[in-house]
Amino acid sequence: MDTPMTANGWHRYQEGSLESLLPPEPIPEEVGRRAGTVERAMVFCGALSLVGGAFHYGLGFRAQLLDPMLDRTLLCEYTVEVLQDLGN
């Protein structure tokens, strides 16, 4: 489960299982098909469908991975500080 934080609190953003993740192998081929090359490329991409289908920026982000077999949880959370445009 991934959730961005807004002024109104945390909101569900992505949710899925390990089986629903996109395998990484086809990504370079698809990037090459769309961009012409993957040489010297860095690719940022999501792997789970967005809840509600829309991308949202937030004041923070939280991702939680659950292992029900071993009853363990891995949590990543950070807040965002928006910087002023340095060109102004």
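What follows draws every value from the coordinates through simple rules; no lab data is involved. Every value quoted in this text rests on a predicted model; they were computed, and no experiment measured them. Note: ideal-geometry Cβ built from the backbone for every residue, glycine included; neighbour counts use all protein chains shown.
Run the Debye formula on the Cα coordinates of segment 2-79, all scatterers equal and no solvent, and tell me log10 I(q)/I(0) at q = 0.13, 0.20, 0.23, 0.27 1/Å.
-0.56, -1.02, -1.11, -1.23
Sort ARG72, ARG62 so that the residue with the fewest other Cβ atoms within 10 Å of its own Cβ comes first and the one with the most comes last.
By the 10 Å Cβ count, ascending, the order reads ARG72, ARG62.
Only counting other Cβ atoms within 10 Å, I'd like VAL82, VAL31 sorted with the fewest neighbours first.
VAL82, VAL31
With the crude spin-label approximation of a point 7 Å out along Cα→Cβ, what separation in nm comes out for LEU21 versus ALA54?
2.9 nm
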